[in-house]
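Data block below; observations after.
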Amino acid sequence: MKQNTIAAQLYTVRDFTQTAADLAQTLKKVKEIGYQAVQVSKLGNIDPVDVKAMADANGLKICVTHIGYDRFINEMEQVIKEHQLWDCEYVGLGAMPGKFRGSHEGYKQFAKEMSKQARMLADNGLKFAYHNHKFEFEKFDGVTGMEILLHESDPEVFGFELDTCWVQAGGADPVDWIHRVAGRMGVVHFKDLAIVDNEQMTAEVGEGNLAWDKIVEACRATNVEWYAIEQDRCLRNPFESLALSWNFLQKYV
């Protein structure tokens, strides 16, 4: 891990990315924290050309995105153009639609379908990355949804963007899963898992209970390229949350 491979997932500050003016201020704040890269996600209706210009103006690399499932199916040409414009290699999907989640066959169908979309990305120099939540660790006939995705998708093009918090929340081991997707994960999501008032809560990296020494070691061993910092819900100002995670990770760079 190097400083310039730690990215701020803009979903964390999504309330401040809905207009071009807000996005410009947000990117400036992110850069002032120390980040040199971002994951583009949950932006308002902002021209992709302007997004690229604002990122460049702040010296921020767009390293990965999250886009909706419908865009993969219906707007692939535009998706490819946007990512090429942004010089962004990784195209992420935040979660599979609900219609696939209820059965072994549904997961298998999704894996096959998205493998075809991922192949189109690969043919244009891009890489697909699937981001998990905890629902993928439900078992169907003794096999988790994540295992189905791993084994039924095309290993050449279907990549993963493991979320450390959600793997743990799903009752699995983030370190084990980092090794299981070795060679198929260029981007990882770092997020901690804490207990607040006896309830699980997403937390800043280092503010929860995940085993970060082992997680970082596993990412290094499997040649993870980008480390995206995300928090779904912040108990403080989300820019403060991004700063806490950034500061904690400096001991690993």
Quick note on 236, 101, ordering by fewest other C-beta atoms within 10 Å, gives 236, 101
Lys and Arg at +1, Asp and Glu at -1: neighbours of residue 165 with Cβ under 9 Å from its Cβ sum to -2
Computed over the Cα atoms of the chain, what is the convex hull's projected area averaged over all directions, in nm²? 12.6
Note, ³J(HN,Hα) from phi for region 37-48, Karplus 6.51, -1.76, 1.60, rounded to Hz, x at Gly and Pro: 8, 9, 9, 7, 7, 6, 7, x, 7, 10, 4, x
Which lysines have a Cα lying under 24 Å from the Cα of residue 139, excluding residues fewer than 8 positions away in the same chain? 99, 108, 112, 191
Run the simple label-point estimate for residue 196 and residue 28 please: 7 Å along Cα→C-beta, distance reported in nm. 2.9
Hey, with R₀ at 30 Å, roughly what FRET efficiency would residue 182 and residue 19 work out to, going by the Cβ-Cβ distance, to 0.05? 0.15
Using alpha carbons only, how many angstrom separate the centre of region 13-87 from the centre of region 143-165? 25
Classified through the alpha carbon gyration tensor (a ≥ b ≥ c as square roots of its eigenvalues; rounded if a/c is under 1.5, else prolate when a/b is larger than b/c, else oblate), region 129-171 comes out oblate
For region 221-232, in residue order, the Karplus 3J(HN,Hα) values (coefficients 6.51, -1.76, 1.60; θ = phi - 60°; whole Hz; Gly and Pro = x) are 5, 9, 6, 5, 8, 10, 10, 8, 9, 9, 9, 5
For residue 203, enumerate residues with amide H under 5 Å from its amide H, sequence gap 5+ or separate chain, H modeled in the peptide plane. 192, 193, 194
Computed about the Cα centre, the charge dipole of the chain from +1 Lys/Arg and -1 Asp/Glu charges at the Cβ has a magnitude in debye, to the nearest 20, of 280
Gain in length, residue 47 to residue 213, computed as 0.36 nm per residue apart minus the alpha-carbon separation, to one decimal in nm? 55.8 nm
Residue by residue, what Karplus-based ³J(HN,Hα) values in Hz, rounded to whole numbers, does region 183-198 have, using 6.51, -1.76 and 1.60 with θ = phi - 60° and x for Gly and Pro? x, 10, 9, x, 10, 10, 9, 9, 7, 9, 10, 10, 10, 10, 6, 6
Per the C-alpha gyration tensor (a ≥ b ≥ c, the square roots of its eigenvalues), region 100-213 is rounded if a/c is under 1.5, else prolate if a/b beats b/c, else oblate; here it's oblate
So what's the net charge close to residue 44: Lys and Arg +1, Asp and Glu -1, counting the other residues with Cβ under 12 Å from its Cβ? -2
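Laboratory data are not the source of any read-out in this text; all were calculated from the coordinates shown. Note that the structure is a prediction, hence the values are computed from the model and not measured. Virtual Cβ from ideal backbone geometry, glycine too; neighbours counted across all protein chains shown.
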